[in-house]
Amino acid sequence: MKRIPAMLLSAVLAVSSLTAFPAGTIGHDVTFSHFPSNVNGGEPIRGVDISSIIAIEEAGVKFHNDTDYKEDDIFRVLAESGVNYIRVRVWNDPNDRSGHSYGGGHNDVKTAAEIGRRAAKYGMKLLVDFHYSDFWADPEKQRVPKAWEGKSRADKGSAIYFFTLDALKEIRDAGGDIGMVQVGNETNCVMCGENDMYEICQMMIAGCNAVGDFDPSILKVLHFADPSSGHYPWYAKVLNECKVNYDVFATSYYPYWHGTTDNLRNVMKQIGDTYHKYVMVAETAYPYTNDDGDHFGNVVAEGSKDATFRYPISVEGQANCLTDVFQAMADCGDKGIGVFYWEPAWLGVPEISWEQERDLWDRHGSGWATKYAAEYDKDAKESGGSSYDNQGLFNFWGYPNESLHVFGNIYPQTKKQFPTEPTTLPPTEPPTEPPKPRREMSDLIRLQKHLHRLPVDDRDRLRLCDMDGDGVLDIYDLGLMKRELWLERSDRGEKR
Ligand code: CA
């Protein structure tokens, strides 16, 4: 960690400025004026997909709240920021034939059940996202699960029905509060190894039937990618022709690839109104920095080919973008039901080497793929990390970006009470040195107030918090990310 003496602090602040907690001062309120009272208790869905979270925690990533900056359960941090729904992907069997995980969060049914349990503890419902594959399913790849290879289309439908039913039972038995189920992921005319949309509809019906038989109150979601493709009206028309019994037409909307929010609203509203379906954004994300935190390249940054950035790449740009995505859904009348942000906490362990990161990806499955995934996924040529860590709603050190508080600006909402008992965090490695004494919170708050009085012209540049939990305030520069700056207690002349 790079540290600077306090005497340099004034010089640092002269060239940069300070973002101070508490958050909640960027973005603006969005009200879903016609929200259906029978969906999610009458509250818009303010969701995040944190499918990788168990593997990330096992790899050693820590998360913190932004009230006292202490390490905290990320589920609590999310819930207290206004998140009310968690989305989790499910792969059938993400292991090679020797039992090694493919990685990517190792999202089998057991992992989904654990995420559902932890979400329910803080009053958050669960969207279970079935890929019907053993690894990533998206428009580029929808490989059939190994165990289903060679099955006829009819047999695949039957397999989907029973797999869905069994998985939902396991997740509910573990304590998950399932509110929605997604039958297929980004199924742009490809699903479970099939590429005929009319055949795919039959598999979707099988999945929707399983959901309805399990619990008719659960919303059945279908999911496509890219509302700017021009294909959505045709998908919706075929689903209608085939009488697929779904409730929600959902989209991935990555703003730098998938057109404007005006187009998003227009396309989704038309489908919602024409076919009497709810509509929502099941995945969205936007970068807040061009830097990378885990030695694994990111999918987008300034200058990326085929990416259009309509907002600044900053925390404020990220917050405004997410706000506009919520607004687009709020503008879909009584059909728009909400938004999920994709993998806002998919981080590596900060400040370790690429070799150390790679070891964590392979041991814990915390990156997008382990070296064992190559047998199933042709793109998995070697182990890899997170290509979305610069789009997190948490920074590389696991502290919330101010943009996380956009969820608290979405209405209508009711105030929920969360458990107050101490949170049991997953076991971590024992410390290699004795913990340092913590400073009193009053000192921390006083210092923060002192800094808050300094000029603020670029709110996103600097952030003040105790990053490493040693009771000493750290200042870090969001624009540079890899530089960490240390604030000494200059008022008492303490030096390190
Ligand atoms: Ca990365």
task: Please state which one of Ser314, Ser386, Ser353, Ser366 is assigned by TED's automatic domain parsing to the domain that holds Val181 and surrounded by fewer than 19 Cβ atoms within 10 Å (Cβ to Cβ).
output: Ser353
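Identify all residues within the stretch 146-171 that are surrounded by fewer than 19 Cβ atoms within 10 Å (Cβ to Cβ), among the charged types (D, E, K, R) and assigned to a helix (DSSP H, G or I); write none if there are none.
Passing the criteria: Lys146, Arg153, Asp155, Asp166, Lys169, Glu170.
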task: Would you be able to say whether some residue in the stretch 338-350 is in contact with a helix residue (DSSP H, G or I) (Cβ under 8 Å, 6 or more places away or on another chain), within 16 Å of the ligand (Cβ to nearest atom) and of a type in the set (Val, Ile, Thr)?
output: yes
task: From (1) under 29 Å from Gln182 (Cβ atoms); (2) of a type outside the set (A, V, I, L, M, F, W, C); (3) part of a loop (DSSP other than H, G, I, E, B), pick out the condition that doesn't hold for Gly338.
output: (3)
message: Quick test for you: out of Ala301, Ala319, Ala345, pick the one residue that is modelled with pLDDT of 95 or more, farther than 25 Å from Lys125 by Cα and of a type in the set (Gly, Ala, Ser).
response: Ala301
query: Name the pairs: first residue in the stretch 197-222 and polar (S, T, N, Q), second residue surrounded by 17 or more Cβ atoms within 10 Å (Cβ to Cβ), Cβ to Cβ under 7 Å, at least 6 apart or on different chains?
result: Gln202/Gly157; Asn209/Tyr161
statement: In the stretch 294-317, anything away from the ligand (no atom under 16 Å from the Cβ) and in contact with a Pro (Cβ under 7 Å, 6 or more places away or on another chain) is listed as Arg310
message: When you scan the stretch 224-232, do you find a residue that is within 16 Å of the ligand (Cβ to nearest atom) and closer than 15 Å to Ala328 by Cβ, even just one?
response: no
- request: Name every residue in the stretch 372-394 that is over 13 Å from the mean Cα position of the chain (by Cα) and of a type in the set (S, T, N, Q), in order of residue number.
  value: Ser383
statement: Taking the stretch 387-430 and the residues there that are at pLDDT below 95 and in contact with a Lys or Arg (Cβ under 7 Å, 6 or more places away or on another chain), the one that is nearest to Ile56 (Cα to Cα) would be Thr423
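Select from the stretch 191-210 the residues that are aliphatic (A, V, I, L, M) and under 18 Å from Ala282 (Cα atoms) and write down the one among them that is surrounded by the fewest Cβ atoms within 10 Å (Cβ to Cβ). Break it down into steps so the answer makes sense when it comes.
Residues of the stretch 191-210 aliphatic (A, V, I, L, M): 191, 197, 200, 203-206, 210.
Pick out the ones that are also under 18 Å from Ala282 (Cα atoms) and you get 191, 204.
Working: Met191: 29, Met204: 25.
Selected residue: Met204.
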query: Does Ala285 fit the bill of being within 22 Å of Ala79 (Cβ to Cβ), outside any helix (DSSP H, G or I) and within 16 Å of the ligand (Cβ to nearest atom)?
result: yes
task: Could you grab me the full set of residues in the stretch 354-390 that are more than 14 Å from the ligand (Cβ to nearest atom) and outside any helix (DSSP H, G or I)?
output: Gly365, Thr370, Tyr376, Asp377, Lys378, Asp379, Ala380, Lys381, Glu382
- request: Within the stretch 236-264, work out how many residues are out of contact with any strand residue (DSSP E or B) (no Cβ under 8 Å at 6 or more places or on another chain), assigned to a helix (DSSP H, G or I), of a type outside the set (Ser, Thr, Tyr) and under 17 Å from Thr284 (Cβ atoms).
  value: 2
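Within the stretch 326-342, how many residues turn out to be closer than 14 Å to Val281 by Cβ and out of contact with any strand residue (DSSP E or B) (no Cβ under 6 Å at 6 or more places or on another chain)?
Result for the stretch 326-342: 2.
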- request: Answer yes or no as to whether Ala301 is surrounded by fewer than 21 Cβ atoms within 10 Å (Cβ to Cβ) and either outside any helix (DSSP H, G or I) or on the phi > 0 side of the Ramachandran plot (or both).
  value: yes
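The values are calculated or read from the model by the stated rules, or taken from the named source; none is laboratory data. None of these values were measured; they are calculated from a predicted model. All Cβ positions, glycine included, derive from the backbone under ideal geometry; neighbour counts span all protein chains shown.
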